[in-house]
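Worksheet: the structure to be examined is printed underneath.
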Amino acid sequence: MELICPLCGLPLKIENKTCRCGNGHSFDVARQGYIHLLPVQNKRSLHPGDTREQVLSRRAFLEAGFYQPIANALMQAATAFSASGPILDVGCGEGWYSAQLAASMDAELVGFDISKEAVRCAAAKYKGATWLCASAANIPAADGSAGLVTSLFALTMPEEFHRVLNENGLFFQVLAAQDHLLGLKSIIYPQLLLKEKDSVPDVPGFDLLESRPIRFAFTVEGSQVQNLLSMTPHVYRISKEGAACLAETQSLTDTASCVLNIYRRR
């Protein structure tokens, strides 16, 4: 996949552990192997995205296999719809989902996340892929350079996804359903407020081919209870009272409920 400069859009070339474009803009290749393509002016905070603690918690949870049915659904969809690479994983986190998907497709993988800690973690483990610290609002990939874009519990940026996908390219989107993790929510919140969620949204420039529900139960114990919280948005919303209740929880049986939407570039 051809990478482009996030400042001017010219192609990037790697020389002596530095990424450089024809206009002289340069970006570091970190010791761990990821490329930092998030200019200071595109950051909303000093350290955007997930912290190292959140990333490590998510890795511990995912590698224990609790969410393997989601990864399996992605691989099954790739086979069913004859998906081809290169794969561009938006909001890739530590790379657990897309590394499996790329291996099953034998495809090139480029993953990026706004969190430096996330891509650092991904690059340290999955050496066969390209990992970038970058923004979904300004994807540093050339027009038409991806065959499959994935956004798993992450942002959807229709215009940018349409731009980077080749003709008839696919977009796999995973969204949480309304009843996702009700067990966790019932512990950390005094009452459950179920808001309407559009789990099969219209995506401009794309045609919906299929929407596949993914629903399964799982049980976490000990430290994995806290790891589950750390990988959800609820970690930012939880009160002291909710945190105290969860700290007393040694075992939790819950249900993951999400939707895999499969779109084709129009």
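The values are calculated or read from the model by the stated rules, or taken from the named source; none is laboratory data. All figures in this text were calculated on a predicted structure; none of them were measured in a lab. Positions of Cβ are backbone-derived with ideal geometry, glycine not excepted, and every protein chain shown enters the neighbour counts. These area figures cover heavy atoms from the full protein model, side chains too; ligands, DNA and RNA do not enter into them. Shrake-Rupley method; radii C 1.70, N 1.55, O 1.52, S 1.80 Å.
Identify all residues within segment 244-266 that are open to solvent by 40 Å² or more (accessible area, probe 1.4 Å) and among the small types (Gly, Ala, Ser); write none if there are none. Passing the criteria: ALA244, ALA247, SER251.
The single condition among (1) of a type in the set (Gly, Ala, Ser); (2) open to solvent by less than 70 Å² (accessible area, probe 1.4 Å); (3) more than 30 Å from MET1 (Cα to Cα); (4) touching a residue at least 40 places away in the same chain (Cβ under 8 Å) that ALA154 does not satisfy is (3).
Listed conditions (1) within 23 Å of THR156 (Cβ to Cβ); (2) surrounded by fewer than 24 Cβ atoms within 10 Å (Cβ to Cβ); (3) of a type outside the set (S, T, N, Q); (4) touching a residue at least 24 places away in the same chain (Cβ under 8 Å) are all met by LEU132, apart from (2).
Of all residues in segment 174-197, those that are under 16 Å from GLN250 (Cα atoms) have Cβ atoms under 7 Å from Cβ atoms of residues that are in a loop (DSSP other than H, G, I, E, B), 6 or more apart or on another chain, in LYS185/LEU192; SER186/LEU192; ILE187/THR249; ILE188/ILE238.
Conditions tested, residue by residue: (1) in contact with an Asp or Glu (Cβ under 8 Å, 6 or more places away or on another chain); (2) under 19 Å from MET231 (Cβ atoms); (3) assigned to a loop (DSSP other than H, G, I, E, B).
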| position | (1), (2), (3) |
| --- | --- |
| ASN72 | no, yes, no |
| GLN76 | no, no, no |
| ALA122 | yes, yes, no |
| GLY128 | no, no, yes |
| GLY144 | yes, no, yes |
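On the given criteria, is GLN178 open to solvent by 50 Å² or more (accessible area, probe 1.4 Å), in contact with a Lys or Arg (Cβ under 8 Å, 6 or more places away or on another chain) and either over 20 Å from ALA78 (Cβ atoms) or of a type in the set (Asp, Glu) (or both)? Don't jump to the end; show me each part of the working.
Details: open to solvent by 50 Å² or more (accessible area, probe 1.4 Å): yes; in contact with a Lys or Arg (Cβ under 8 Å, 6 or more places away or on another chain): yes; either over 20 Å from ALA78 (Cβ atoms) or of a type in the set (Asp, Glu) (or both): yes.
Yes.
Taken as a whole, segment 158-171 holds no residue that is part of a loop (DSSP other than H, G, I, E, B) and either at positive phi or at pLDDT 95 or above (or both).
For segment 181-223, the candidate set comprises residues that are out of contact with any Phe, Trp or Tyr (no Cβ under 6 Å at 6 or more places or on another chain) and of a type in the set (Phe, Trp, Tyr); within that set, the residue that is surrounded by the fewest Cβ atoms within 10 Å (Cβ to Cβ) is PHE216.
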